Structures are given as C-alpha cells and as structure tokens.
1. For helix 59-83, what angle does its Cα long axis make with the longest principal axis of the chain, in degrees from 0 to 90 and rounded to 10?
2. Spelling out what I want: for every residue of segment 103-116, take phi, set θ = phi - 60°, compute 6.51 cos²θ - 1.76 cosθ + 1.60 (Karplus), and round to whole Hz; glycine and proline get x.
3. Using a probe of 1.4 angstrom, how much of the accessible area of the chain is carbon and sulfur, in percent?
4. Report the longest stretch of the chain that contains none of the trypsin sites (Lys or Arg not before Pro) sitting in a DSSP loop with at most 16 other Cβ atoms within 10 Å.
5. For the chain, set up a GNM with springs between Cα atoms under 10 Å and report which of ALA59, ALA72, ALA48 has the largest fluctuation.
6. So which of LYS16/LYS105; LYS71/LYS105; LYS16/LYS71; LYS64/LYS112; LYS64/LYS105 end up more than 25 Å apart, counting from Cα to Cα?
7. Please report the relative contact order for segment 1-115, taking Cα pairs under 8 Å with a sequence separation of at least 6, and give it as a percent rounded to a whole number.
8. What full-extension length gain, to one decimal in nm, is calculated for LEU84 and LYS67 as 0.36 nm per residue of separation minus the Cα-Cα distance?
Amino acid sequence: MARQYRADRLSQEIEKEVSDILRRRVRDPRVQGVTITGVDVTGDLQQAKIYYSILSDKASDDEKTRKGLEKASGLIRKELGSRLSIYKTPELIFERDHSVQYGEKIDQLINKLNRD
C-alpha cells in the first residue's frame, strides 16, 4: 500500500517537473507544443512511462516529436535527478497518448450528428 502511494506521488511529481523542463530547458523545436498527460511509475520506481499528446495528428509530426523526446530524454532525466529527492532517477519511456485525439474525434461526430 505504501509502495503504491509512493509510486503515485512520484508520478505526479515527474509529470509536473517534465512539463516544466520541456517548457524551460529543452530548446528542440520538435518538442514544442508537447503536453504531458500522465505518468505511470513502476512499483520498484525503476521506470516511468510518460504519456504525451500533440495537437497535430500527422504521422510525420508524431515521428518528429517522438525523435525529439528521445533525444531530449537524457537531459530531462538528468534534470529530474537534480530536482527530485530520490535515490535513483527512473528510466524514462515516452508514449503518445491517443485519448486526446480520440476525444476530439468523438466531439466532431457528436457535432456532426447535431447538425444533421
């Protein structure tokens, strides 16, 4: 129970810090406009899966953003290590969150139904 609480707390902290690091420290234009939507930390606190969304749904933009995040992950992890008071900074895994796009698609369908 305490372990899960700690993982949840660390997830929230990582989400806040990674958002801040992307805004203030990462200069790569490929990651501008990235929104961190959530973080899952494993029970042993060794890995953090960071979910992100971008406004574009073009595959080329998705690929550019993914490569930009992979390139910046070392800097992000190093920065996290100095900001968080934990023994070992978790390995970062970035994964696109498609729920935002899915929600927009549902909104469009509802609007279309209302118009018809």
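The values are calculated or read from the model by the stated rules, or taken from the named source; none is laboratory data. Being a predicted model, the structure only gives us computed values, none of them experimental. Please note: Cβ atoms are built from the backbone with ideal geometry, for glycine as well, and neighbour counts cover all protein chains shown. Side chains included, ligands, DNA and RNA excluded: accessible areas come from the protein's heavy atoms. Shrake-Rupley method; radii C 1.70, N 1.55, O 1.52, S 1.80 Å.
1. With rounding to tens, the tilt is 30 degrees.
2. Going residue by residue, I get x, 5, 4, 4, 4, 4, 5, 5, 4, 5, 4, 5, 6, 6 Hz, with x marking Gly and Pro.
3. Values: 3900 of 7990 Å².
After summing per-atom areas, the C and S share lands at 49 percent.
4. Values: sites that count: ARG25, ARG27, LYS58, LYS88.
Longest site-free region, per DSSP loop and neighbour criteria: 28-57.
5. ALA59
6. Listed pairs above 25 Å: LYS16/LYS105; LYS71/LYS105; LYS64/LYS112.
7. With pairs under 8 Å counted, the relative contact order is 27 percent.
8. Gain on stretching LEU84 to LYS67: 3.6 nm.
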